[in-house]
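Single-structure report; data block below.
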2 protein chains.
Amino acid sequence: MRAKVYVTPKQGVLDPQGLTIQKALYTLGYDRVGSVRQGKYFEIQLQNQLTDEEARQLVDKIAHDVLTNPIIEDYRFEVER
Amino acid sequence: MRAKVYVTPKQGVLDPQGLTIQKALYTLGYDRVGSVRQGKYFEIQLQNQLTDEEARQLVDKIAHDVLTNPIIEDYRFEVER
């Protein structure tokens, strides 16, 4: 089984990496682009014996406790067999 | 319109951030987890006047030329209205 976790800066939180990329894109002539937000993406292999519900609980706990700073970041995830 | 771009280390390329997280998870007692790979995730706002095809071409070019190091990273993206 595999989980994909997406971590993004919360709305309203300054995202200096995204802003830098946005400015770079304008400078390079990509003028049809608006805001850019940068986040993190994780692929996690899980033991196949886990049930879907166990896997979801495990990944939710890992995402909340380890991968995300809940004060400034949101996360979402998918689990696939 | 909005594009989501996912950048991941190519298979076989060492991913020190992912390895560090993997070890941290074991140390914290998450022993039902296998390998962890860390990538980047971007959300890009695009002008609504673009056709789907124009948007896809634009995002493909930005992902390839700006957001990815094609020697060590792969990317994929989605465009949504």
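Read-outs: derived from the displayed coordinates by stated rules, not from any lab. Please read all numbers here as calculations on a predicted model, not as lab measurements. So basically every Cβ, Gly included, is an ideal-geometry build from the backbone, and we count neighbours across all protein chains shown.
Overview of values
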| item | result |
| --- | --- |
| Chain B residue with Cβ closest to the axis mapping B onto A, distance in whole Å | B:Tyr41, 2 |
| B:Val66-A:Glu78 FRET efficiency (beta carbon distance; Förster radius 30 Å; 0.05 resolution) | 0.70 |
| Gyration tensor (alpha-carbon) shape descriptor, the protein assembly as shown, a/c threshold 1.5 | prolate |
| Per-copy distances of the A:Val13 label point, shortest first, in nm (7 angstrom along Cα→Cβ) | 2.5 |
| Label point 7 Å beyond Cα along the C-beta direction, distances from B:Thr27 to other copies (nm, shortest first) | 3.7 |
| Label 7 Å beyond Cα on the Cβ vector: A:Arg81 copy-to-copy distances, nm | 3.4 |
| Separation between Cα centres of the stretch A:1-38 and the stretch B:1-73, rounded to whole Å | 12 Å |
| Zone of A:Asn48's modelled label, taken as backbone nitrogen in the stretch A:61-81 under 20 Å from a point 7 Å along Cα→Cβ | A:79-81 |
| All aspartates and glutamates inside 18 Å of B:Lys40 as judged from Cα atoms, apart from same-chain residues fewer than 8 positions distant | A:Asp15, A:Glu43, A:Glu73, A:Asp74, A:Glu78, B:Asp15, B:Asp60, B:Asp65, B:Glu73, B:Asp74, B:Glu78 |
| Crossing angle, helix B:16-27 versus chain B [Cα axis fit, 0-90 degrees, rounded to tens] | 40 degrees |
